[in-house]
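The values are calculated or read from the model by the stated rules, or taken from the named source; none is laboratory data. All figures in this text were calculated on a predicted structure; none of them were measured in a lab. Note: ideal-geometry Cβ built from the backbone for every residue, glycine included; neighbour counts use all protein chains shown. Remember, those area values only see protein heavy atoms, side chains included, never the ligands or the DNA or RNA. Shrake-Rupley method; radii C 1.70, N 1.55, O 1.52, S 1.80 Å.
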2 protein chains.
Amino acid sequence: MTTQTLLDEIDRTVDQATGRLLEFLRIPSVSTDPAHHRDCGRAADWLANQLRDIGFESSVQPTEGLPAVVAVGPSENSTALFYGHYDVQPTDPLDKWDHSPFEPIIEDRAGGRVIRGRGASDDKGQLMTFVEACRAYRNVTGTLPRGVRFFFEGEEESGSPSLVPFLEKNRSHLSSSIALICDTGLFDHDTPAIVTMLRGLLAEEVTVSGPELDLHSGIYGGAAANPLRILSHILSQLHDHQGRVTVPGFYQNIPELPDDLRTQWKKLDIRSQSLLTSVGLAHPAGEVDRSLLEMVWSRPTCEINGITGGYGGDGFKTVIPATATAKVSFRLVAGQDPATIRRQFRTFVQSQVPADCSVAFGEYGASPACSFSLDHPLFDHVRAALSAEWPEDPVMVGCGGSIPVAGYFKSILGIDSVLTGFGLEDDQIHSPNEKYDIRSFHRGMRTWARVLSNW
Amino acid sequence: MTTQTLLDEIDRTVDQATGRLLEFLRIPSVSTDPAHHRDCGRAADWLANQLRDIGFESSVQPTEGLPAVVAVGPSENSTALFYGHYDVQPTDPLDKWDHSPFEPIIEDRAGGRVIRGRGASDDKGQLMTFVEACRAYRNVTGTLPRGVRFFFEGEEESGSPSLVPFLEKNRSHLSSSIALICDTGLFDHDTPAIVTMLRGLLAEEVTVSGPELDLHSGIYGGAAANPLRILSHILSQLHDHQGRVTVPGFYQNIPELPDDLRTQWKKLDIRSQSLLTSVGLAHPAGEVDRSLLEMVWSRPTCEINGITGGYGGDGFKTVIPATATAKVSFRLVAGQDPATIRRQFRTFVQSQVPADCSVAFGEYGASPACSFSLDHPLFDHVRAALSAEWPEDPVMVGCGGSIPVAGYFKSILGIDSVLTGFGLEDDQIHSPNEKYDIRSFHRGMRTWARVLSNW
């Protein structure tokens, strides 16, 4: 078989492949919402069946939480472990969607056709590029690509609580010499990217409690501790005027960027401005002395992801609430230990809670940052395939969004990962009207086909 | 008729009076929630019928918003205009109630029997003390008390948007020489209070907008402006370390307390500590150099009444929201003009919104503070009745909760108000499990009976 035959097969069947993806997208597998846990099971079954159809020995495996999908080909010793996740983000705010998030549609746009729906880009569309490449390989050669293993989890969007125990329990089933992770994006429309460093994540919930019950702000206003006022104060203390995080010890042991990478990123920095302009912003909001790419790739951050307290409905209620809650997350980089940062953060918050009030914390997952060695031969296969399939050569980048699994593959399975994907900045993942370009889906499949044919 | 006959009649019929109040409390007249506007209409009808039963000429009058109830006795020139409001606060958080808020119950407690339900104390139970006193008067004398007029509004808990136009339109119908307002509380269990100064209220909603859509805090975290971070910062700037409000000009033209009042309040200050201890607090949170009573009666405040933004549900969502909103209210004192404070507040907020972001404001009512002259003879009748009915003599106090209507009675009808009521600190008005002591209800009726008999 020549590579070209394989690429032709993909071009010929792209519509059927798209149809299968739409079917997958109709399953509302929102992992963070218990109301959707049955749907997550359905998504896992659907995926396992797809792989079985192609000829893989696939199964839905129980975990402590939502099920995982594992599949292997005929060859006993595996080269590459392909990873993706079948769960998706919640859809709120629902009223901002132009159509129902789980009734995906194909939309014709100036830039080309796109698939709209929750999970189209993160991560159902991306993981299917590899599944469909394997299907085409099978159709053309009658055999399966050798040494391929699949592992799909269903808790990526809710902090992967069951991932570590599952990996530890299934070390042998999953053993490979390297992992392929398809959950990232192109650098820009024409430039593919391989992620060689990932930020970690620490997610915390902070609840400040004051009076024993909600109070009338007229009768008690001015005299009673107001948890919303205390919480606002604490949150406002998390950054200084230079945009630096103020939690003591936060920047300890963080290495500076190697010069070669810094030079490469400098070249990319101008083009990266579209990261902000595409969402209606113009001014980088991070550390004043850092480049935009450093802010999102190699520097740690602290973000407030939600605040709730008091009356939020229509009209007005003059209340001093008994409690106020914030969800706060940190993006971590090499040198930062999640457990240590958590301890430092909680101490920092505690120190600002006045007498009369108390604070409680909730844990929503923690994963360290990591970076990868580029020695494995598959890394060069991927780089070559990307060069051949896309207008520009791939660039080595960092990734702001944490992909904990890559860190665990390293620490538990002892393997590096090659992270590449075909999402675009304007895919609106985690937001209303998420989409995935047909071009990304199509070239993604072709890219993997090239990798498989040179296996 | 002797006063004693009237008091005996009230003692004899207290259970029937309580039964009528329970009926009133079963109507969920939440004025701030459009879903309950029909119930507000039902509450107005119920009240108008009660007054008609007693013999008053009563009617439900349309306003630009929710209806008002107006009633007059036979005598053409009225002495006193009695005011109360039939609307109640929302019930959230509903899960904190021990029973359904609109299925009131009588509860036996160590301190005596109480009526539990939304509105029991604020203000349905209180306004019924006067209605029932009139009923007893009618039962005993066969005639109605002379010179009594009623005005009940249904928008007090939602900023009284229609009050001013209604008063202006009905000046003649409502003209009296003084108003009686029953929407306040006892100073403590044995000490009645007459409110001679009221704080005003300014209620604002602040919405900060940043990115055009919700963003993934991994991909954009550190680079994109986060409305929750900006809002927290702005809110944290509203007070300094001395607990003073920092809005420029906020304290301009505020007179100091007269020495005689300061002396009286000093005596009360120790006993007032229970204001905090009764809700699980111990440390006054206001201006460091002010007494607790000044904080809640004579000093202006700024409180955050609600914050919403980002993800507040179960689990965690790593999102940077496109917008974040806070409800902020100010308690105003003599010398502060609501319109001026609003302008100063908005300018203050505007000045802290960074490039890339915008802010929008919502108005939820504004009313000035006011204080009353004590010259009208009815003022002495009330003081004497309170002295006779309660263990301790009444004290002249301020009121932290704004009662806009008292200000409008002065500015539009040109009359002062006598404000007294029988609520207790632990009535939990505006909170779950609101209650009203049967003792307050009973002695309240007896207090008004004494006033009516010496009319």
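In region A:106-114, the condition of being free of Cβ contacts under 8 Å to residues at least 40 places away in the same chain and under 20 Å from the mean Cα position of the chain (by Cα) is met by no residue.
Out of curiosity, is A:GLY185 within 12 Å of chain B (Cβ to nearest Cβ), within 15 Å of the chain's Cα centre (by Cα) and in contact (Cβ under 8 Å) with a residue 40 or more places away in the chain?
yes
When the test is whether a residue is open to solvent by 30 Å² or more (accessible area, probe 1.4 Å) and within 7 Å of chain A (Cβ to nearest Cβ), B:ARG229 passes it. Residues of region A:394-434 that are within 12 Å of chain B (Cβ to nearest Cβ) and among the charged types (D, E, K, R): A:GLU425, A:ASP426, A:ASP427, A:GLU434.
Residues of region B:255-278 that are over 22 Å from B:LEU198 (Cβ atoms) and modelled with pLDDT of 90 or more: B:THR277 alone.
Restricting attention to region A:232-249, the residues being open to solvent by less than 10 Å² (accessible area, probe 1.4 Å), more than 13 Å from chain B (Cβ to nearest Cβ) and not β-branched (Val, Ile, Thr) number 0. Report whether or not B:PRO377 is more than 14 Å from every other protein chain (Cβ to nearest Cβ), surrounded by 17 or more Cβ atoms within 10 Å (Cβ to Cβ) and modelled with pLDDT under 95. The answer is no for B:PRO377.
Only helices (runs of 4 or more DSSP H) whose full extent lies in region B:159-271 are considered here, and the ones with at least 1 residues that are over 24 Å from B:PRO354 (Cβ atoms) are B:163-169, B:171-174.
Residues are listed down the side, and each one gets a yes or a no for (1) of a type in the set (Gly, Ala, Ser); (2) over 22 Å from B:THR13 (Cα atoms):
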| residue | (1), (2) |
| --- | --- |
| B:PRO101 | no, yes |
| B:THR141 | no, no |
| B:GLU156 | no, yes |
| B:GLY159 | yes, yes |
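Of the strands (runs of 3 or more DSSP E) entirely within region A:1-117, those holding at least 2 residues that are open to solvent by 60 Å² or more (accessible area, probe 1.4 Å) occupy A:105-109. Residues considered: B:SER209, B:SER274, B:SER217. Of these, the only one that is among the polar types (S, T, N, Q), open to solvent by 20 Å² or more (accessible area, probe 1.4 Å) and within 25 Å of A:THR308 (Cα to Cα) is B:SER209. Check A:GLY362 against each of (1) farther than 30 Å from B:ALA203 by Cβ; (2) outside any strand (DSSP E or B) and name the one condition it does not meet. For A:GLY362, the exception is condition (2).
Identify the residue in region B:351-373 that is farther than 27 Å from B:TYR251 by Cα and in contact with a Ser or Thr (Cβ under 7 Å, 6 or more places away or on another chain) and, among all such residues, is surrounded by the most Cβ atoms within 10 Å (Cβ to Cβ). Can you show your working first?
First pass over region B:351-373, keeping only residues farther than 27 Å from B:TYR251 by Cα: B:355-358.
The next check asks that each one be in contact with a Ser or Thr (Cβ under 7 Å, 6 or more places away or on another chain); those that pass are B:357-358.
Details: B:CYS357: 21, B:SER358: 13.
Looking at residues that are farther than 27 Å from B:TYR251 by Cα and in contact with a Ser or Thr (Cβ under 7 Å, 6 or more places away or on another chain), I get B:CYS357.
Within region B:350-361, the residues that satisfy the criterion of being within 14 Å of chain A (Cβ to nearest Cβ) and not aliphatic (A, V, I, L, M) are B:GLN352, B:PRO354, B:ASP356, B:CYS357, B:SER358, B:PHE361.
Of all residues in region A:321-349, those that are more than 11 Å from chain B (Cβ to nearest Cβ) have Cβ atoms under 9 Å from Cβ atoms of residues that are open to solvent by 10 Å² or more (accessible area, probe 1.4 Å) and acidic (Asp, Glu), 6 or more apart or on another chain, in A:ARG342/A:GLU363.
Of all residues in region A:12-34, exactly one satisfies the criterion of being within 14 Å of chain B (Cβ to nearest Cβ) and aliphatic (A, V, I, L, M), namely A:VAL30.
Residues of region B:12-70 that are at pLDDT below 95 and of a type in the set (Ser, Thr, Tyr): B:THR32 alone. Looking across region B:315-334, the residues that are closer than 17 Å to B:THR207 by Cβ and either open to solvent by 10 Å² or more (accessible area, probe 1.4 Å) or of a type outside the set (A, V, I, L, M, F, W, C) (or both) come down to B:PRO321, B:ALA322, B:THR323, B:THR325, B:LYS327, B:SER329. Filtered by the rule that a residue be more than 7 Å from chain B (Cβ to nearest Cβ), among the polar types (S, T, N, Q) and surrounded by fewer than 23 Cβ atoms within 10 Å (Cβ to Cβ), region A:279-314 gives a lone residue, A:SER291.
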